[in-house]
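I have placed the structure first, in the form of structure tokens, so that the comments after it can refer back to it.
The values are calculated or read from the model by the stated rules, or taken from the named source; none is laboratory data. Every value quoted in this text rests on a predicted model; they were computed, and no experiment measured them. FYI the Cβ positions are ideal-geometry reconstructions off the backbone, even for glycines, and counts take in every protein chain you see.
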Amino acid sequence: MDNVENKGANKKLKGCLAAVAIAAVLVIAGIVFLAYSFGKAWKTEYTSFDADKLAYAESTLGCDIPDSVTPVRYLRDVGAGDAQMEFWVEDISDPSEYMKSAYADTEYTEHGGLDEISGTVNTELLKYGRENAEPAAVYTCTFPRPEDSSRYIRSCALAFYKDGSCYKMKQVAVYA
């Protein structure tokens with residue numbers, strides 16, 4: 001008789017342990033799902049551009065993108081208080097003309113290479129794809145901090161790479 005009662009108690013114990021294990025797996029799966037969902041919610045990425053997406057990119061980057069160039073990719077990633085934008089553009093005929101057109105109302109500075117700006121910008125982010133080429137032109141932009149907003153572009157750098165008869169550019173901007 002004791003043997004039968006022990007079997008029943010063992011079955012109950014196994015059932016409870018299985019229920020606890022299933023609940024733990026469900027809780028962990030829920031945490032992973034929420035982390036993934038929240039991570040995606042703070043990231044914006046475009047690889048094709050209509051008028052609305054282009055206007056959004058222009059507003060977050062503080063520029064007017066000329067019609068003569070081809071936007072390739074826009075990425076905005078929001079972290080703890082900061083937002084980082086990366087923007088890839090191709091078919092640029094002349095970097096200095098692009099800067100005059102896109103950043104007409106912004107103060108910008110041309111630099112001799114990535115080494116000159118390594119203390120202000122993560123220059124690894126300015127590489128275009130997997131290429132290890134040295135950029136043909138490097139610029140940084142200075143945006144005044146607006147009085148009516150605590151959000152502003154803290155740093156902005158653009159690197160232009162020769163691509164056949166044209167240039168391609170990667171821009172990195174950080175909001176504070």
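Within the bounds of segment 18-34, is there any residue that is modelled with pLDDT of 85 or more and surrounded by 11 or more Cβ atoms within 10 Å (Cβ to Cβ)?
no
Just need a number here: residues in segment 73-106 that are in contact (Cβ under 8 Å) with a residue 40 or more places away in the chain and either buried (at least 19 other Cβ atoms within 10 Å of the Cβ) or not in a helix (DSSP H, G or I) (or both).
So the answer is 20.
May I ask you to say which residue of Glu107, Glu116 is more than 18 Å from Phe143 (Cα to Cα), over 22 Å from the mean Cα position of the chain (by Cα) and assigned by TED's automatic domain parsing to the domain that holds Tyr161?
Glu116
Among the residues of segment 90-107, which ones are within 10 Å of Cys63 (Cβ to Cβ) and not charged (D, E, K, R)?
Tyr98, Met99, Ser101, Ala102, Tyr103, Ala104, Thr106
Does Leu54 satisfy the condition of being assigned to a helix (DSSP H, G or I), in the same structural domain as Glu124 (by TED's automatic domain parsing) and modelled with pLDDT of 85 or more?
yes
Could you pull out the residue among Ile117, Ile153 that is modelled with pLDDT under 70 and surrounded by 13 or more Cβ atoms within 10 Å (Cβ to Cβ)?
Checking each option against the conditions leaves just Ile153.
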